[in-house]
Amino acid sequence: MKHGILMLLALALTTGAAAAESPSSAIMMTQDSWDTEHAQGQAVLAWVGAHAPKFAPIAQRGTVKVERVQRFAGAADMRSSPSAALPEKGSPGEKYSVENTLLDGTVQSWSFQWDDTSSSEGGKWVVTAYTYRKGSDPRNTQ
């Protein structure tokens, strides 16, 4: 497993030294990668299959990469969020992307965004993009 976190802090335009010490909002980007035979890789592909059944993952040996972009009201909120966990719930504007690269070079990728207006249950993950490129045909992108 490879894991990385990039953190971008967005400071509100305020004055005074105290404002610089406590940012009013933050964005955290988390990236992870697993072999498809690893339990977490399988869990990610199962999550994709449940949230994008029309674009189900091809179950073959390869690598799964994920990227999650989360927005927080402040630095304190960041400490309470499990960044590497599968996102069952999200916050407005939050994004989750998955790329499944098979050994023959075939690539599937999905982009999801949390939509809190689309469900009576408080929101859901919706597919915003899907691509498929067969490994033997680099021009065959759907």
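The values are calculated or read from the model by the stated rules, or taken from the named source; none is laboratory data. Model, not experiment: these values are computed from the prediction. Cβ: placed from backbone, ideal geometry, glycine included. Neighbour counts: every protein chain shown. The accessibility values were calculated without ligands, DNA or RNA, using every heavy atom of the protein model including side chains. Shrake-Rupley method; radii C 1.70, N 1.55, O 1.52, S 1.80 Å.
Of note:
- Complete set of residues in the stretch 78-121 that are closer than 30 Å to residue 134 by Cβ, open to solvent by less than 50 Å² (accessible area, probe 1.4 Å) and either modelled with pLDDT of 95 or more or outside any loop (DSSP other than H, G, I, E, B) (or both): 96, 97, 98, 100, 101, 102, 107, 108, 109, 110, 111, 112
- If you go through the stretch 52-67 and pick out every residue that is within 15 Å of residue 87 (Cα to Cα), open to solvent by 50 Å² or more (accessible area, probe 1.4 Å) and either at pLDDT below 95 or of a type outside the set (Lys, Arg) (or both), you end up with 1.
- Number of residues in the stretch 25-46 that are buried (at least 17 other Cβ atoms within 10 Å of the Cβ), in contact (Cβ under 8 Å) with a residue 40 or more places away in the chain and under 15 Å from the mean Cα position of the chain (by Cα) equals 5.
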